[in-house]
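Novice: Quick one: structure below, then a few questions.
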Amino acid sequence: MKNFLHLPELDDTTLRDLLARARAIEKTPVSDALKGRVLGLVFLNPSLRTLSSFQAGMAQLGGSSFVITPGQGTWALEMQDGVVMDGATAEHVREAVPVLCQYADLLGVRCFAGGKDLALDLTEPVLGAFARHATKPLINMESAIDHPCQALADWKTLDDLEIPARGGRFTLSWAWHPKALPLAVPTAALSMAARRGMDVTVLRPEGYALPREVMALAHSEAARSGGSVRETSDRHEGLDGAHVLYAKSWQAPACYGDSEKEALLRAPLREWCVAEDWFRPAQKDAVFMHCLPVRRNVKVKDEVLDGPRSRVIRQAGNRLHAQKAVLLSLLGVR
Ligand code: CP
């Protein structure tokens, strides 16, 4: 594995190896396997879990890390080629990335979607620029359309909980949020569950169907694994027999980049806040998952987050184990 950019790029053997490593690392978390190695972390957007789990993971493996926050503690970065840099950006990605790669053994980048032009965001312009100029292994710490670190940790969480892969029912549900949110986590969760071989349902209100490119990826992952993918806006149908309810908000593709139009579409949907009674048609012991951060009593009610179904803390814990497996693998350390 040269980079860790998108889970669907990985073959089954590599995926199985990463998950097995993550399980082993959880049992033996501290070693000097990465002594003297350095991880560079570039955050173009905020983070709690990703930043702290990568830094903690490097420290536990005997290595170290540094954090770059362009435009805050460090120079604002220009991503486009051929521009006259007489505005806010002071340093070009063409220099910044190769420079950082001289100091670090691997590089991680967080680069959310621009949120204005869906077709452009689907091409992952910033992640692509980093990948073109990186001379060391690159990790996607959440990009415009994917969050593979979250997906790998979520896969491990499903395994830990012994939720069946074949025959397991995974419902990805849209939830209300005051802002139009990106597509990275829903895309990652959907394609992960499909790749795991689960029967996946996307439950979303009318107008919130995921982009056809995202659904096509999920269908191709399901075809690879023997899983299935379907969509509905009917809550009872969407949660019938579900083992997992994975909640996430995303912006309506038809209003992409138009926050006022999107807000009008979203306004009557506040009842899309996950509550205990949502689970009535689901399996008796169905679990609730969310990548965090989550707005309490907006996306999900306290009764669910604080109740016995919630697995959100375990999900976040698995970020650490899964990412340590990725670091070791990228650096070729057995
Ligand atoms: N789930 C996740 O990536 O959390 P952060 O945004 O806090 O890193």
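Novice: At 1.4 Å probe size, with every protein chain present, just tell me what the per residue accessible area of segment 1-110 comes to in Å². Present the calculation step by step, with values, prior to reporting the outcome.
Specialist: Working: 5720 Å² over 110 residues.
The answer is 52 Å² per residue.
Novice: Related question: Compute the separation of the alpha-carbon centres of segment 68-134 and segment 193-210 and state it in Å as a whole number.
Specialist: 31
Novice: Using +1 at the C-beta of Lys and Arg and -1 at the C-beta of Asp and Glu, which of 333, 246, 48 has the Cα lying farthest in the positive direction of the dipole of the chain?
Specialist: Of 333, 246, 48, it is 333.
Novice: Something else: Quick check: Cα centre of segment 274-334 to Cα centre of segment 147-169, how many Å?
Specialist: 10
Novice: Take the residue pairs 116/284; 2/35; 156/284; 136/261; 2/179 and return only those whose Cα atoms are more than 32 Å apart. Present the calculation step by step, with values, prior to reporting the outcome.
Specialist: Numbers: 116/284 41 Å; 2/35 20 Å; 156/284 22 Å; 136/261 42 Å; 2/179 36 Å.
116/284; 136/261; 2/179, as the Cα separations exceed 32 Å there.
Novice: If you don't mind, there's one more thing I want to ask. When the accessible area of the chain is split by element with a 1.4 Å probe, what percent falls to carbon and sulfur? Present the calculation step by step, with values, prior to reporting the outcome.
Specialist: Numbers: 7370 of 14280 Å².
C and S atoms contribute 52 percent here.
Novice: With a 1.4 Å probe and all protein chains in place, put 156, 136 in order of accessible area, largest first. Kindly include the intermediate steps, with their values, before the conclusion.
Specialist: Numbers: 156 0, 136 65 Å².
Largest accessible area first, the residues go 136, 156.
Novice: If the elastic network links every pair of Cα atoms under 10 Å, which of 77, 138, 210 fluctuates the most in the Gaussian network model of the chain?
Specialist: The residue with the greatest mean-square fluctuation here is 77.
Novice: Can you give the charge dipole size of the chain about its Cα centre, rounded to the nearest 20 debye, using +1 on the beta carbon of Lys and Arg and -1 on the beta carbon of Asp and Glu?
Specialist: Working: 40 positive and 39 negative charges, 179 e Å.
The calculated dipole for the chain is roughly 860 debye.
Novice: Whole angstrom only: what separates the Cα centroid of segment 1-34 from the Cα centroid of segment 212-228?
Specialist: 23
Novice: Quick check for me: using +1 on Lys/Arg Cβ and -1 on Asp/Glu Cβ, what's the dipole size of segment 1-125 about its Cα centre, in debye to the nearest 20?
Specialist: Details: 11 positive and 15 negative charges, 134 e Å.
Taking the Cα centre of segment 1-125 as origin, the dipole is about 640 debye.
Novice: Hey, can you rank 230-242, 184-196, 23-35 by average C-beta count inside 10 Å, highest first? Walk me through the numbers on the way to the answer.
Specialist: On the way: 230-242: 16.1, 184-196: 26.9, 23-35: 14.0.
Packing proxy ranking, top to bottom: 184-196, 230-242, 23-35.
Novice: Could I ask something else about it? From largest accessible area down, sort 221, 95; use a 1.4 Å probe on the protein chains. Show your work: numbers first, answer last.
Specialist: Details: 221 5, 95 100 Å².
Result, largest first: 95, 221.
Novice: Farthest toward the dipole's positive end in segment 162-310, which of 171, 209, 219, given Cβ charges of +1 (Lys, Arg) and -1 (Asp, Glu) about the Cα centre?
Specialist: So the residue furthest toward the plus end is 219.
Novice: Quick check for me: using +1 on Lys/Arg Cβ and -1 on Asp/Glu Cβ, what's the dipole size of segment 162-310 about its Cα centre, in debye to the nearest 20?
Specialist: 280
Novice: Could you work out the local net charge near residue 5, counting Lys and Arg as +1, Asp and Glu as -1, over the other residues with Cβ closer than 10 Å to its Cβ?
Specialist: Numbers: positive: 2; negative: 9, 124, 146.
In short, -2.
Novice: In addition: Taking θ = phi - 60°, what integer Hz values does the Karplus form 6.51 cos²θ - 1.76 cosθ + 1.60 yield along segment 65-79, in sequence order, with x for Gly and Pro?
Specialist: Per-residue couplings from phi come out as 8, 10, 10, 10, 10, x, x, 10, x, 10, 4, 5, 9, 9, 9 Hz.
Novice: Separate question: For 171, 89, give me the order by solvent-accessible area with a 1.4 Å probe, most accessible first, ignoring ligands, DNA and RNA.
Specialist: Numbers: 171 5, 89 30 Å².
Greatest to least solvent exposure: 89, 171.
Novice: Of 98, 211, 268, which has the largest mean-square fluctuation in a 10 Å C-alpha GNM of the chain?
Specialist: In the Gaussian network model the winner is 268.
Novice: While we're looking at this one, here's another question. Work out, in µm²/s and without decimals, the Stokes-Einstein translational diffusion coefficient of the chain at 10 °C, 1.306 mPa s, Rh from Kirkwood over C-alpha pairs.
Specialist: Working: Rh = 20.4 Å.
D = 78 µm²/s.
Novice: Could you work out which residue, out of 133, 290, 243, moves most in a Gaussian network model of the chain, that is, has the largest mean-square fluctuation with Cα springs under 10 Å?
Specialist: Maximum among the listed residues: 133.
Novice: Here's a follow-up. When ranked by the protection proxy of mean other Cβ atoms within 10 Å per residue, highest first, what sequence do the peptides 66-76, 110-120 form? Numbers along the way, then the final one.
Specialist: Working: 66-76: 14.5, 110-120: 17.2.
Most protected by this proxy first, the peptides run 110-120, 66-76.
The values are calculated or read from the model by the stated rules, or taken from the named source; none is laboratory data. This structure is a prediction, so every number in the text was calculated from the model and none was measured. We place every Cβ from the backbone using ideal geometry, glycine too, and count neighbours over all the protein chains shown. What goes into the accessible areas is simple: the full protein's heavy atoms, side chains included, and nothing from ligands, DNA or RNA. Shrake-Rupley method; radii C 1.70, N 1.55, O 1.52, S 1.80 Å.
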